[in-house]
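**Q** Have a look at this one.
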Amino acid sequence: MKIILNNISKALIIMTLVMGFFSCEDPDKAPVIVFETATKGSYPRLVSDSESGSTLINPNALSSTGYGYAVEFVDETKGVDVESYELSATYKGTTTVVRSYSQSEFTTNADGFRQATVESITLAEIEAITGSLTVANVGDVLAFSGAVNKGGNSYTSANSSSTVQGAAFRAHFTFNMPVSCPSDMYVGEVNYVADYSIGWDGATKGVSGTTSIVDNSGGSFDFADWSFGGYDAFYGCCTPSGTFGFTDVCGEVTFVTEAVDSYGDQWEFHYNLDASKTVLNVWGSNYTYANGQESAWAVVTFPTAQTWNCANCEDLADFPN
């Protein structure tokens, strides 16, 4: 019998063969990953925390130490299948588990997410890791990291995307608690009256002006013009830069006493903070030139009394002549 196949018949036969081919595939072989079978992580989203700056560990005010926060767990079940939340701290290369919260300790917040509330981390917990803290520990940092545990997996900053850890998602995987002191250094404009002398060009006395104290961050500060108008008075220009500056470590201010300016000249400085803590005397001299020296004595006046102590100030009687 002669069989005539039209286009429809041909199409049906091809479809049957294709279906038969795929039906012979190994049923245990996993298909392309779909949402229902994919592993789904979770991340801790910040709900609230202590007021700004509370992560600071101030060795001069240790009783105020403490940082607490609340996170909600973001995933397809709103945190229902999160098993635990663990908080660890790393200090000088050693990691210690500080807190651990189980699902039974979570609460459900107004938005329906399971939430962990981390009560303020105490000084006792911190010093159990660091030992007793003093000003000598300034610069040390405790690095905290949270882990969300579910389904046999642990989700941390190490295996979460940069997108999730971005500001828009408010992920709160990590935070630092540095040992430091907030500086009380005045930042802003100050007045001065200065006397200048250049060995080859005479002297100018009683020149008044203003400059600014600049915060370079990290407890480092500068005067915007270390010549206190001297370069303008003698050269008609310029504000010197160089290795000038001073630091504030927990209220103890140390001024640079030897510096090199941007012209390669070496300077020596002496300082005195008066009893009222409103007047700073700055004496500076440059002995670079064989035919004389550049020197200046500036009397700098702060708008208010300062609360910091000068670690390397001298009596005025000890200033060079």
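**Q** Give the shape of the stretch 128-179 as rounded, prolate or oblate, defined through the alpha-carbon gyration tensor: a ≥ b ≥ c are the square roots of its eigenvalues, a/c under 1.5 means rounded, and otherwise the shape is prolate if a/b is larger than b/c and oblate if not. Could the numbers behind the result be given before it?
**A** On the way: a/c = 4.29, a/b = 1.95, b/c = 2.21.
Oblate.
**Q** A further question on this structure: Using a simple spin-label model with points 7 Å from Cα along the Cα→Cβ vector, what separation in nm is obtained for TYR235 and ASN312?
**A** That separation, rounded to one decimal, is 2.4 nm.
**Q** Still on this model: Tell me, what is the FRET efficiency for VAL279 and ASN153 to the nearest 0.05, using R0 = 51 angstrom and their Cβ-Cβ distance as r?
**A** 0.20
**Q** Shifting gears a bit: Given R₀ = 30 Å, what would the calculated FRET efficiency be for ILE129 paired with THR77, taking r from the Cβ atoms and rounding to 0.05? Can you show the working numbers first?
**A** Working: r = 34 Å, r/R0 = 1.13.
Efficiency for this residue pair is about 0.35.
**Q** Quick one: Debye curve from the C-alpha atoms of the stretch 188-318, no solvent, what's log10 I(q)/I(0) at q = 0.15 Å⁻¹?
**A** Rounded to two decimals, the profile gives -0.69.
**Q** Taking 0.36 nm per residue of separation and subtracting the Cα-Cα distance, what length does fully extending VAL141 through LEU46 add?
**A** 32.0 nm
**Q** Given R₀ = 35 Å, what would the calculated FRET efficiency be for GLN293 paired with ASN216, taking r from the Cβ atoms and rounding to 0.05?
**A** Working: r = 29 Å, r/R0 = 0.82.
FRET efficiency, GLN293 to ASN216: 0.75.
**Q** Related question: Relative to the present Cα-Cα distance, how much length would full extension add between THR94 and ASP265 at 0.36 nm per residue of separation?
**A** Working: separation 171, 0.36 × 171 = 61.56 nm, distance 4.59 nm.
This chain segment gains 57.0 nm when fully extended.
**Q** Starting from the stretch 174-223, pick out the chymotrypsin sites (Phe, Trp or Tyr not before Pro) whose DSSP state is loop and whose Cβ has at most 12 other Cβ atoms within 10 Å. Spell out each step's value before the answer.
**A** Details: sites: PHE175, TYR186, TYR192, TYR196, TRP200, PHE221, PHE223; in loops: TYR186, TRP200.
Passing sites in the stretch 174-223 are TRP200.
Just so you know, all these numbers are worked out from the coordinates, no wet-lab data involved. Treat the numbers as computed from the prediction; the structure is a model and nothing was measured. All Cβ positions, glycine included, derive from the backbone under ideal geometry; neighbour counts span all protein chains shown.
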